[in-house]
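Report on the following structure.
Every number in this text was worked out from the coordinates using simple rules, so none of it is lab data. If you're wondering where the values come from, they're calculated on a predicted model, not measured in any experiment. As a convention, Cβ positions derive from the backbone with ideal geometry for all residues, glycine included, and neighbour counts pool all protein chains shown.
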Amino acid sequence: MMSCDPADRAGAILEIDLDGVRANWRLLAQRVAPAACAAVVKADAYGLGAAPIAAALAQAGCRLFFVATLDEGVALRRALTAPGDIAVFNGLFPGTAAEFAAHDLIPVLNDPGQIEEWQRFAANGPTPLPAAMLHLDTGMARLGLTPREFAALADAGLPGGIGWRALLSHLACADEPEHRLNALQRDRFAAARRRLPTLPASLAASCGIFLGPGYHFDFVRPGAALYGVNPQPGAPNPMRQVVRLKGRIAQVREIDRGESVGYGARHIMETRGRLATVAIGYADGWPRSLSHRGCARIGGLRIPLVGRVSMDLVVFDVSALPEEIARPGAFVDLLDEEYGVDAAAAAAGTIGYEILTSLGRRYHRVYRGESR
Ligand SMILES: *Cc1c(COP(=O)(O)O)cnc(C)c1O
């Protein structure tokens, strides 16, 4: 039996530009210098593949990676051959301390119970001192010590027996530069840092970097901007688009005026025309909220999405295109340089983060710029 190329059988192809990810990291690193630049690769590097993304960023000089969960940390520790620290935002769940240590992972300690647990674990003698980061909540009310808990800790001095590596906090409104909470959080964080001056401090993620040097402290923690999301909503995007998504036309058919298209029969053809059915759907993370409003490009020409997005298929109206362009087996561009993750997100009523982290498992994935 002959078997064909994986790219030939795929309904959609996701290309990930590792050179672009590296260029984005360098741009941010230069912008914040002399502060350092870590990289957030949680949620499988926002859907793009934590192992290849972290390897590419390590080549560019990144030495500190953040993931969300212990399992993500374990997987990244196994995959990462370059030297690099891996810290876990969601912290230490009860009973997991030994697992952190076994995989050389740094827990972000978010409350006094986690600090106690890590101290108890550390007291059993592993050397060097088990590393941890301390998370202070300055206005997000999500994770981190409350101001009162932090004050008590600072009064007593940093808990001993732990290899303290950093003091973290996270901005709630960094995508709205005018929001008053930004400066408030910055000032609270600066005050906290004065109480623990030996700890490297980090406040800013992607958007926070663009609030200015007062937000950079000792290191920054961008995620989304590395992957092309605009860290300055409303202003031109300084980041490179790093994903390109192409869907394959599974069928082209004629349709008469007055006929309906797709589930619910909500789209009625106003004229006779031609439809191209493309092999991508909400099971691939192409949002159902793009029903009746998404678009694609073919040969640079825009084609409207008609009807509802279904699980495995979407339909585009290609009546305006020559038959030889929109033909079965050809590809339509769903994400590209001109129409990136933020554009798709705006049409879908969501944010670029959600478009990226929903990218499907059925795509044939191609990494460009891998071997350098
Ligand atoms: C996700 C996350 C980041 C990265 O945020 P981006 O907006 O993607 O740059 C940084 N810090 C914390 C605590 C996070 O949860």
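Here are some notes:
- Distance in nm between pseudo-label sites at Asn237 and Glu337 (7 Å out along the Cβ direction from Cα): 1.3 nm
- For segment 65-133, the share of alpha carbon pairs falling in successive 10 Å distance bins from zero is 22, 57, 20, 1 percent.
- Relative contact order [Cα under 8 Å, 6+ residues apart], segment 30-98, whole percent: 31 percent
- Bridges between two residues of the chain, per DSSP, are antiparallel at a rate of about 55%.
- For Ala201, the residues whose amide H sits under 5 Å from its own are Leu167, Asp218, Phe219, ignoring neighbours fewer than 5 places away on the same chain, with H placed 1.01 Å from N.
- Structure remark: mean-square fluctuation, Gaussian network model of the chain, C-alpha springs under 10 Å; the largest value among Gly223, Gly340, Gly299 belongs to Gly299.
- Selected from Arg193, Arg272, Arg362 as most flexible by GNM, with the chain as the system and alpha-carbon contacts under 10 Å: Arg272
- This ranking places Thr138, Thr69, Thr81, Thr277 by how few other beta-carbon atoms lie within 10 Å of each, fewest first, which gives Thr81, Thr69, Thr277, Thr138.
- Shape parameters for segment 201-309, alpha-carbon atoms, Rg then Dmax in Å: 20.3, 64
- Taken about its Cα centre, the chain carries a charge dipole of about 260 debye when Lys and Arg each add +1 at the Cβ and Asp and Glu each add -1 at the Cβ.
- Across segment 237-251, rounded Karplus estimates of 3J(HN,Hα) from the backbone phi angles (6.51 cos²θ - 1.76 cosθ + 1.60, θ = phi - 60°) give 7, x, 8, 7, 6, 10, 10, 10, 10, 10, x, 9, 6, 8, 7 Hz, Gly and Pro being marked x.
- Taking the fewest neighbouring Cβ atoms within 10 Å as the starting point, the ordered list for Asp218, Asp187, Asp342, Asp256 is Asp256, Asp187, Asp218, Asp342.
- Two-site FRET efficiency, Ala141 against Glu99, from Cβ-Cβ distance with R₀ of 25 Å, rounded to 0.05: 0.35
- Rounded to the nearest 20 debye, dipole of segment 211-283 from Cβ charges on Lys, Arg, Asp, Glu: 240 debye
- Rounded to whole numbers, the Karplus 3J(HN,Hα) couplings from phi for segment 348-354 are 8, x, 9, 10, x, 4, 6 Hz, using 6.51 cos²θ - 1.76 cosθ + 1.60 with θ = phi - 60°, and x at Gly and Pro.
- Within a Gaussian network of the chain (alpha carbon springs, distance under 10 Å), most fluctuating of Gly281, Gly95, Gly329: Gly95
- Separation between Cα centres of segment 271-338 and segment 16-38, rounded to whole Å: 34 Å
- Euclidean distance of C-alpha centroids, segment 74-131 and segment 153-223, integer Å: 21 Å
- Relative contact order of the chain, pairs being alpha-carbon contacts under 8 Å that are 6 or more residues apart, as %: 18 percent
- Per-q log10 I(q)/I(0), the chain, q = 0.06, 0.09, 0.13 Å⁻¹ (Debye; single scatterer per alpha-carbon; no solvent): -0.28, -0.59, -1.02
- Taking segment 200-262 and dividing mean pair separation by its residue count, relative contact order in percent (alpha carbons under 8 Å, at least six apart): 23 percent
- A simple rule links phi to the HN-Hα coupling: the Karplus curve 6.51 cos²θ - 1.76 cosθ + 1.60 with θ = phi - 60°, which for segment 338-345 gives 7, 10, x, 4, 5, 5, 4, 5 Hz, with x for Gly and Pro.
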